[in-house]
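All of the numbers you see were taken from the coordinates with simple rules; none came from a lab. Just so it is clear, the model here is predicted, and its values are computed rather than measured. Cβ placement follows ideal geometry from the backbone for every residue including glycine, while neighbour counts extend to all protein chains displayed.
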Amino acid sequence: MEAIPAVDLKGGRCVRLQQGRMDRETVFSHDPVAMARHWRDQGAGRLHVVDLDGAVEGRPANAAVIERICAALDIPVQLGGGVRDLEGLQRALELGVDRVILGTLAAREPYTAQQAAELFPNRVVIGIDARDGMVAVQGWTEDCGLHFLEAARQFDRPGVAAVVFTDISRDGMHTGPNLDSTAQLCQALSTPVIAAGGVHDLDDVRRLMELAPQGLAGFITGRAIYEDTLDLAEAIALAATA
């Protein structure tokens, strides 16, 4: 199981939000490239990058920074935020990222997202972001009236590299991951699932590891590793035993 560090970009800086709210940001670094290298040096085998401005604006907004991050690393980078069509997906891949996460596009135009997975097999990840069980889109600013299980099942198909599931209410809150919903998703899909939101310490990692036999392939961690409630190197070593 992978422990994947997150670098969230807003205005060219590395930040973390609480519950996805753009007005609740904490700036952790003015040099996202250096931060990305730091997590790579801690043993990360993959980096999760989110273009927060792009997620809200509906178009990539931190492309130059993302390209520099990809050029500086020798590990794969997965990118989410602001990719709303096939052209945007192509442009994101040209920045050097390994995988692109489709969230709003997947919810609003599932056929286009399915087509993307066929055109770029194993380079498309579906982002399922839920609040109270219902999928939220447009940088988590709008609820789309779709249950997260119903949304995810549409993408349980060849070519989809993984499904990233985020419980918005727990994101950046140190409250622990939503194990029940994550387990439901793992049981419903054959596609690998990656959990995000709420991981606080090694005890949370151990609880997530119990879901590995059901299909949990990894988890994304952000605020916990920035605020030192979770040591990334220890989390990577522990998760690898699952």
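Odds and ends about this structure:
- Under 5 Å, built H, 5+ apart or other chain: amide partners of VAL7: HIS48, VAL49, VAL50
- Radius of gyration and maximum dimension Dmax of segment 14-128, Cα, Å: 13.9, 39
- Report summary: the helix-based calculation at 222 nm, which adds -39500 (n - 2.57) for every DSSP H run with n ≥ 4 and divides by the residues of the chain, gives -9500 deg cm²/dmol.
- In terms of other Cβ atoms within 10 Å, VAL199, VAL125, VAL137 run from fewest to most in the order VAL137, VAL125, VAL199.
- Whole-number D in µm² s⁻¹ for segment 69-118, Kirkwood Cα-pair radius fed into Stokes-Einstein, 4 °C, 1.567 mPa s: 116 µm²/s
- Annotation: the residues MET134, MET1, sorted from fewest to most other C-beta atoms within 10 Å of their own C-beta, follow the order MET134, MET1.
- Percent antiparallel among DSSP beta bridges (both partners in segment 2-239, rounded to 5): 30 percent
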